[in-house]
Each structure stands twice: as structure tokens, then as C-alpha cells.
Amino acid sequence: TEGSPLDRINPKTKEEFDEFSNLLVERIRKYEKQGLYVNFINGFVRELCSSLKDVDIRKVSSTLATVANEKAKASKEAQKSKKKKAKPSLQAGKDDILDTVDYGNYDDEYDDF
């Protein structure tokens, strides 16, 4: 039997379905930088779920909502850390150079006033 591992696989066990899933994800993710990828995934998931029972579709929906919430939380935390790093510090740091030049040694031509 020639072809890709996807062509040869006939999953029956959980492990085989996991392997099948990994192969599909690997194949599909090659195109995630394409502009139409999100539209493709949307249609793909819709077509895959169209034959499922409503209870099973709700499970898939819940899983997608969880992933979306995790992504939003991670994005929010990343923005918080960027804001914290971007704030200038008013305290002198270790790298600050103090001006230690004695300016009293220079003649001041305006001392007469």
C-alpha cells in the first residue's frame, strides 16, 4: 500500500484515532499562514460536525470556547507584562551615571552681579 500514512490509516482504537488526529493536524497546519486558513477551518469544522448529534456538537463547541478563553487570557497577560515593562522608572538604576564633575572650579563671569 503506497501513499501517505493518512491513506493507510484505518483507526479503531483511541490511540489510532489520536495518531490519525495528529497526522491530520500536521498536514493542515502547513497552511495556517495562508489568508483563507481561518475560513477553511470554520467550514471544515462545520462539515465535520454536521453529522454529529446536538449533544456532541455542544461538546465540541465547549472545547472551542475553552481554547478561545485560554488564548484570550494568555493575550491579556502578555499585554499586561508588556505594559509593566514599558513604564519608565523614576528611581535611579544601577546603570545611571551620576554627574560628579565639580563645576566650582570654572570662572563664572557673572559673579559680579
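The values are calculated or read from the model by the stated rules, or taken from the named source; none is laboratory data. Note that the coordinates shown come from a computational prediction; the quantities given were computed from them, not determined experimentally. Here the Cβ positions follow ideal geometry from the backbone for every residue, glycine too, while neighbour counts run over all protein chains shown. All accessible areas refer to the heavy atoms of the entire protein, side chains included, with ligands and DNA or RNA removed. Shrake-Rupley method; radii C 1.70, N 1.55, O 1.52, S 1.80 Å.
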If the label point sits 7 Å along Cα→Cβ of residue 73, residues of region 50-64 with amide N under 20 Å come out as 59-64
Taking 0.36 nm per residue of separation between residue 51 and residue 12 and subtracting their Cα-Cα distance, the length gained on full extension comes to 12.2 nm
Low-density loop GluC sites (Glu not before Pro), region 1-49, at most 10 other Cβ within 10 Å, DSSP non-H/G/I/E/B, are 2, 32
By accessible area (1.4 Å), largest first, 48, 6 order as 48, 6
Of the residues 74, 4, 39, the Cα lying farthest along the dipole of region 1-74 towards its positive end, which is defined by charges on the beta carbon of Lys, Arg, Asp and Glu, belongs to 74
